[in-house]
Amino acid sequence: MPDFLLRAAEPRDCGELDRLIRELAVYEKLDHQAVGTPDGLHEALFGPRPACEAVMAERHGRAVGFALYFTTFSTFLCKPGLYLEDLFVEPGHRGAGIGKAMLRHLAALAVERGCGRFEWRVLDWNEPSIRFYESIGGKLLPEWELVRMTAPEFTALARGEGRG
């Protein structure tokens, strides 16, 4: 019997979720980009048009990890997909099966929802995570590159001000 609990995030979790996101940002060396707030999380998770969902991992009554995910769609499969945006377990709680349990939970959710894909990204330098994901059947797709526009770029594009 595991000594941790997984449960759907609730509105009261937004402060703890923000704390864990900031810990993840430090781990990924991206803390300068973590500018979200508990209020922003509340809106994204529980507002009138939720953009994502989250699972909280608790151990001894304290939040020690999370998985934040949302629905995507595959035009080729004509099916929804589940996209894991972030999964994080505090370093002192790794090795207890929490990360694997969260992935198993999300895989079951993908099955339940009739998804054709369950996807996520991993930083190329994060060898421990890459090995872990491969050990559970995950496949890295090196031929696919991430394309990103931030607000200034997509705002310019929307206004017809983009280059070219």
| Cross-link partners among lysines for Lys79, C-alpha distance below 29 Å, same-chain residues fewer than 8 apart left out? | Lys100, Lys139
| query | Going by alpha carbons, how many degrees (0 to 90, nearest 10) lie between the helix axis of 98-112 and the longest principal axis of the chain? | reply | 60
| task | Would you kindly state how much longer the chain becomes between Ile130 and Cys78 on full extension, computed as 0.36 nm times their sequence separation minus their alpha carbon distance, in nm to one decimal? | result | 15.9 nm
| query | Could you give the angle, 0 to 90 degrees to the nearest 10, between helix 14-27's Cα long axis and the longest principal axis of the Cα atoms of the chain? | reply | 80
| Along the positive direction of the dipole of the chain (beta-carbon charges: Lys, Arg +1; Asp, Glu -1; about the Cα centre), which of Leu109, Leu87, Thr155 reaches farthest? | Leu109
| message | Full-extension gain between Thr37 and Phe70, please, as 0.36 nm times their residue separation minus the C-alpha to C-alpha distance. | response | 10.0 nm
| field | Cut-off 13 Å (backbone N to label point 7 Å along Cα→Cβ of Arg117), residues of region 66-81 | value | 71-81
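Quick note: the coordinates plus some simple rules give every number you see, no bench work behind them. Computed from a prediction, not measured in an experiment: that's the story for all the values here. Reconstructed Cβ throughout: ideal geometry from the backbone, glycine too, with neighbour counts over all protein chains shown.
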